[in-house]
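The values are calculated or read from the model by the stated rules, or taken from the named source; none is laboratory data. Since we're looking at a predicted model, the values are computed, not measured. For neighbour counting, all protein chains shown are included, and Cβ atoms are generated from backbone atoms with ideal geometry for every residue, glycine included. The area values use the complete protein model at the heavy-atom level, side chains included, leaving out ligands, DNA and RNA. Shrake-Rupley method; radii C 1.70, N 1.55, O 1.52, S 1.80 Å.
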Amino acid sequence: MTERFTDTLRRQSEPSWTQSIEHRFVNELLDGTLDDAVLVNYLIQDHRFIDAFLTLLGAAIASADTFEARIRLGRFTGVISGEENTYFLRAFEALGVTEAQRLEAPDSVPTAGFKAIMREAAATRSYAAALAVLNVAEGLYLDWALRAPKQLPPRFEHAEWITLHDNPDFQSFVAFLRAELDRVGPAQAQISTDFFLRAVALEHAFFDAAYDIKG
C-alpha cells in the first residue's frame, strides 16, 4: 500500500513532531499542573497568530480548487474568529492579563517565525503551501489533544484549550486538511515539504519558548 503523502511528511519531520506532541508544556497542560506564568506567556504569544492565521486561511480559500474546500475553510475561519478568540479573551480575564500586558510583550522568536511563515505561505498563492502549514498548525494540535485523559483538568483555561483541539468538528476538519494535502501535495511536493518541515520545527520551538519567562 502506498504511504499517504501526509504520513510521509510527518515521518520526515521526526523527531520534532513526536517531541512536540509529548512536550513538557503539553504534559503539564493535560494534567493541569501548568504554571500560570507559563500559560500566560504561551497564550499571549499564541493569540498573536490569529491575524496571520486568518490571512493564511483567506489565502487557502482563494487558492482552493473546489467549492467544497472553500466552504470547509470558511466555516473554520468562523471558529477561529469566534469560539477560539473568545476563549483567549476569557482566559486572559481569568488569569488577570491586562490589555497592556498583551500589547507590550514582545514577540518571541518562534512567534515571529510563525507569523512570517503563515504570511509567506499565503503570499505564494499555492493551495499546497497553505495546506502544508495548516496541516501542522491543526494536525499537530489534534495529535497532542488526543493524548488528554478522560478526566480533564478542572480549570477551564486548561480544559477548554484541550477540547477546542479535540472535538468531532475539529477532528473532521483535520481529516479534511490531510485529505486535501494528500490530493494536491504530491504534484507540489517540494513546496509542500519545505513549508511542512519548517512549520513543525517552529511548533516545537514555540512550546520551548513558553518557559522563557521575562522578569
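A few comments on the model shown:
- Computed about the Cα centre, the dipole magnitude for the chain is approximately 500 debye when only Lys and Arg (+1) and Asp and Glu (-1) carry charge, each at its Cβ.
- Among Ala94, His158, Leu146 the positive-end extreme of the charge dipole of the chain (Cβ point charges): Leu146
- Gyration tensor (alpha-carbon) shape descriptor, the chain, a/c threshold 1.5: prolate
- Accessible surface of the chain, 1.4 Å probe: 54 percent of it comes from carbon and sulfur atoms.
- Furthest towards positive pole of dipole, Ile213, Leu103, Thr8, structure part the chain, Cβ charges: Thr8
- Euclidean distance between Cα centres, segment 92-121 to segment 1-77, Å: 16 Å
- Estimated dipole of segment 34-108 in Debye, rounded to 20 [Cβ of Lys and Arg +1, of Asp and Glu -1, Cα centre]: 320 debye
- Kirkwood radius and radius of gyration were both taken over the C-alpha atoms of segment 17-134, and their ratio Rg/Rh is 1.01.
- Here is the tail figure for segment 143-206: Cα pairs spaced more than 16 Å apart come to 62 percent of all pairs.
- Segment 27-72, dipole about Cα centre (Lys/Arg Cβ +1, Asp/Glu Cβ -1), debye to the nearest 20: 340 debye
- When peptides 180-189, 130-139, 90-99, 201-210 are ranked by their average number of other Cβ atoms within 10 Å per residue, the highest-first order is 130-139, 201-210, 180-189, 90-99.
- Phi to ³J(HN,Hα) by Karplus 6.51 cos²θ - 1.76 cosθ + 1.60 over segment 188-193, Hz, x for Gly, Pro: 10, 4, 5, 5, 5, 5
- Accessible area per residue in Å² at 1.4 Å probe, computed on segment 13-66: 37 Å²
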